[in-house]
Ligand code: DAH
């Protein structure tokens with residue numbers, strides 16, 4: 001019996017050592033220790049062993065079983081350690097490798113400024129109105145107190161589609177649509193593309209404006225000035241001041257050009273402000289009573305102010321761009337530098 005057990009042990013250990021993986025090891029376990037295993041068969045045969053030999057034989061069987069189990073466990077642990085080592089090896093990373101940089105898209109500078117303006121004005125309670133790029137002569141000019149023979153039409157070289165239809169030259173056209181559709185109080189900004197036959201370093205045939213209109217009881221130039229003071233600090237930085245200069249627009253009376261104190265030099269004079277300490281940023285004024293009356297707004301009760309901002313101009317000033325074409329050439333070397 002002892003011999004038989006030794007044979008089983010030697011055979012099992014040989015099989016354990018030669019098993020190539022966990023599955024094979026499990027097969028060995030079943031062959032020896034399983035229900036139909038060799039050692040189990042010996043145990044089952046215990047009944048045939050003489051009663052006085054049973055304790056001795058029982059002890060041998062247990063010893064054999066213990067040795068085989070230990071070997072099985074050792075081999076299993078070795079397989080698991082090897083598996084882990086292989087996994088670590090395959091997942092090894094070289095932390096000194098340069099990172100793979102990914103190209104990140106971003107919003108166009110004009111869109112960035114447009115969104116900033118929308119954020120600022122909506123925080124002040126303005127609604128957004130987006131008009132259409134094709135307008136009638138009436139909305140773009142006549143209703144804005146610029147009749148057919150008005151000299152101010154020369155200020156804006158217009159792309160006519162027909163005698164009646166044109167590409168809007170100014171988002172001011174939106175003012176009329178808003179006032180026709182809505183009774184005061186009105187507080188609206190209207191961003192959008194505008195078109196003029198104009199082309200040089202600071203002008204492009206297509207550019208973007210944002211019109212603003214406020215109509216309510218008791219609105220004066222002071223309200224415009226107060227709102228502008230807040231607006232310029234938000235877009236150009238705290239401490240930026242405004243200065244109003246008399247100007248002319250047919251749809252406002254009085255009309256003003258609005259300058260901001262130079263946000264680059266703080267007003268002492270630099271290249272950006274051409275040594276003057278001030279930079280012109282937008283046109284504005286008190287809405288001409290004729291415009292209000294044309295929209296059936298009672299001027300004995302209501303008054304308003306309006307302003308028009310050139311978005312490319314703001315972007316050029318903010319990001320130090322000296323030619324408007326750079327904004328439309330889609331040159332990534334330029335665009336990638338601007339992410340506000
Ligand atoms: N529409 C003008 C332009 O395109 C800008 C402007 C000036 C708009 C004064 C206004 C305003 O509302 O009051 O040059």
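Each value in this text was obtained by applying a stated rule to the coordinates, not by laboratory testing. Here the structure is a predicted model, which means the values were calculated and not measured. Note: ideal-geometry Cβ built from the backbone for every residue, glycine included; neighbour counts use all protein chains shown.
Worth pointing out:
- With Cα atoms, 0 to 90° folded angle of helix 221-236 axis to the chain main axis: 30 degrees
- Between the helical axis of 22-33 and the longest alpha-carbon principal axis of the chain there is an angle of about 30 degrees.
- Cα radius of gyration and Dmax for region 2-90 (Å): 15.7, 59
- Considering only alpha-carbon pairs that sit under 8 angstrom and 6 or more positions apart, the relative contact order computed for region 180-334 is 25 percent.
- Over every Cα atom in region 130-192, the radius of gyration and the widest Cα-Cα span, Dmax, amount to 11.8, 35 Å.
- Fully extended contour minus Cα-Cα distance, from residue 154 to residue 6, at 0.36 nm per residue: 41.9 nm
- Descending semi-axes in whole angstrom, ellipsoid equivalent of region 148-234, from the Cα gyration tensor: 27, 18, 12
- At R0 = 45 Å, FRET efficiency that the Cβ-Cβ distance of residue 93 and residue 18 yields, to 0.05: 0.80
- By the Stokes-Einstein formula, at 1.567 mPa s and 4 °C, the chain with its Kirkwood radius over alpha-carbon pairs has D equal to 48 µm²/s.
- Angle between the chain longest axis and helix 109-123 axis [Cα atoms, degrees, rounded to 10]: 80 degrees
- Ordering 271, 92, 187 by the number of other Cβ atoms within 10 Å of each residue's own Cβ, fewest first, gives 92, 271, 187.
- Each residue in 102, 270 was given a count of other beta-carbon atoms within 10 angstrom of its own, and listing them fewest first yields 102, 270.
- Calculated SAXS-style log₁₀ I(q)/I(0) at q = 0.16, 0.17, 0.25 Å⁻¹ - region 223-271, Debye, Cα scatterers: -0.50, -0.56, -0.93
- By the helix-only formula, in which each DSSP H run with n ≥ 4 contributes -39500 (n - 2.57) and the sum is divided by residues, the chain has a 222 nm mean residue ellipticity of -12500 deg cm²/dmol.
- Ranked list, fewest to most other Cβ atoms within 10 Å of each Cβ, for 138, 88, 319: 88, 138, 319
- A Förster radius of 56 Å, combined with the Cβ-Cβ distance separating residue 328 from residue 290, puts the computed FRET efficiency at roughly 0.95.
- Whole-Å distance, taken between Cα centres, linking region 53-115 and region 259-281: 65 Å
- 15 Å reach of a label modelled at residue 220, 7 Å along Cα-to-Cβ, counting backbone N of region 259-300: 286-287
- All Cα pairs of region 235-340, percent lying beyond 21 Å: 50 percent
- Taking region 36-168 and dividing mean pair separation by its residue count, relative contact order in percent (alpha carbons under 8 Å, at least six apart): 15 percent
- Pairs of Cα atoms nearer than 8 Å and 6+ residues apart set the relative contact order; for the chain it is 14 percent.
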